[in-house]
Amino acid sequence: MTVSISENAAKHVAGQLQARGKGIGIRVGVTTTGCSGMAYVLEFVDEIDVGDQVFEDQGVKIIVDPKSLVYIDGTEMDFVKQGVNEGFEFKNPNAKGECGCGESFSV
């Protein structure tokens, strides 16, 4: 089981952690919401919780709780800029569909 991060996303996360002045990595999880059923949740991590899985890629620690890992195993996180918009994109091999706005997915 693994979750990975692209070079662009790693640079963005590392820069945000540095600007924040603390933190050991980024938590990637899922929550039930949106038109397709599930959405990604990201937050900076200062402390690892019992049961968390920690993956390190491109020099960044990615922390995932066990319940979320079932839905995002094999996912690559990327950070893209398109015109004036920028944000994370997820290449999730478990996703069977996405809503039209791209904010949620189904498995």
Seminar exercise, completed: Between G25 and residues 5 or more places away or on another chain, the pairs with built amide H atoms under 5 Å apart involve V45
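How long are the three semi-axes of the equivalent ellipsoid of the range 45-107, in whole Å, if each is the root of 5 times an eigenvalue of the C-alpha gyration tensor, listed from largest down? Don't skip to the end; give the middle numbers.
Details: eigenvalues 104, 58, 20 Å².
They are 23, 17, 10 Å, listed from largest to smallest.
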Problem set entry | Long-range HN-HN contacts of T2 with modeled amide H, under 5 Å | G74
Exercise. So what is the relative contact order of the chain, in percent, for Cα pairs below 8 Å that sit 6 or more residues apart?
Worked result: 32
For this session: First obtain the Kirkwood hydrodynamic radius of the range 3-46 from its Cα pairs, then insert it into the Stokes-Einstein equation at 37 °C and 0.692 mPa s, and state the resulting D in µm² per second as a whole number.
Result: 281
Exercise. Quick one: what Rg and Dmax do you get for the chain from the alpha carbons, in Å?
Worked result: 13.5, 40
For this session: Pop out the ³J(HN,Hα) list for the range 7-14 in order, Karplus 6.51 cos²θ - 1.76 cosθ + 1.60 with θ = phi - 60°, rounded to Hz; leave Gly and Pro as x.
Result: 4, 4, 5, 4, 4, 5, 4, 4
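No lab work stands behind these numbers, since they all come straight from the coordinates. Note that the structure is predicted; figures quoted are calculated from it, not measured.
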